[in-house]
Every structure is written in structure tokens, then in C-alpha cells.
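A short worksheet on the structure shown next.
The values are calculated or read from the model by the stated rules, or taken from the named source; none is laboratory data. These figures come from a predicted structure and were not determined experimentally. Note that we place each Cβ from the backbone using ideal geometry, even for glycine, and neighbour counts take in every protein chain shown. All accessible areas refer to the heavy atoms of the entire protein, side chains included, with ligands and DNA or RNA removed. Shrake-Rupley method; radii C 1.70, N 1.55, O 1.52, S 1.80 Å.
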Amino acid sequence: MKEASEFTKEEIEKLENEINSMSQMDMARRWRFATSGDPMFRSDLPFGEKFKNRFKELGGFTPKISKALR
């Protein structure tokens, strides 16, 4: 797994842009099926809080989305 200090500025910007462009369904899918060590959810990287806030703004998990992701 890549250390936090090994992420380049470009990689960080790419992940931030990805968060900003994801739909509610995209975010729910990523949340549910992310592999261990996914950068979006690592506590040593700044993306977790951004992801959580954006997902919440979009409505988060709904029963409809949860059923669609089965």
C-alpha cells in the first residue's frame, strides 16, 4: 500500500476531482464495494472527510440505492 507521502500532487487532485464528479450511486457503489486500502477511505489521507461530506450532500445511502446495489 502506498504511503500518504508518496502521493503526488497530481494524484491527489485526480482523487479530489473524482469525488467532486461522482454521482450518489457512484459514491454508494464505491463505499459498498471498496477494497481494503482504497485511498478514498484511508484515515491517513484527506479524502475520507471530503467523500463523506459530498455523499451526505447528495443524500447518502437510501433504501432504493441499497437495493439497487445488491
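Things worth noting here:
- The lone criterion from (1) touching a Gly at 6+ places or on another chain (Cβ under 8 Å); (2) open to solvent by 60 Å² or more (accessible area, probe 1.4 Å); (3) among the hydrophobic types (A, V, I, L, M, F, W, C) left unmet by residue 40 is number (2).
- Tallying residues that are of a type in the set (Val, Ile, Thr) and farther than 19 Å from residue 1 by Cβ within the stretch 12-42 yields 1.
- Qualifying residue in the stretch 26-34 (condition: open to solvent by 40 Å² or more (accessible area, probe 1.4 Å) and either modelled with pLDDT under 90 or more than 21 Å from residue 66 (Cβ to Cβ) (or both)): no
- Residue count for the stretch 43-70, restricted to those that are under 27 Å from residue 5 (Cβ atoms), basic (Lys, Arg) and open to solvent by 60 Å² or more (accessible area, probe 1.4 Å): 2.
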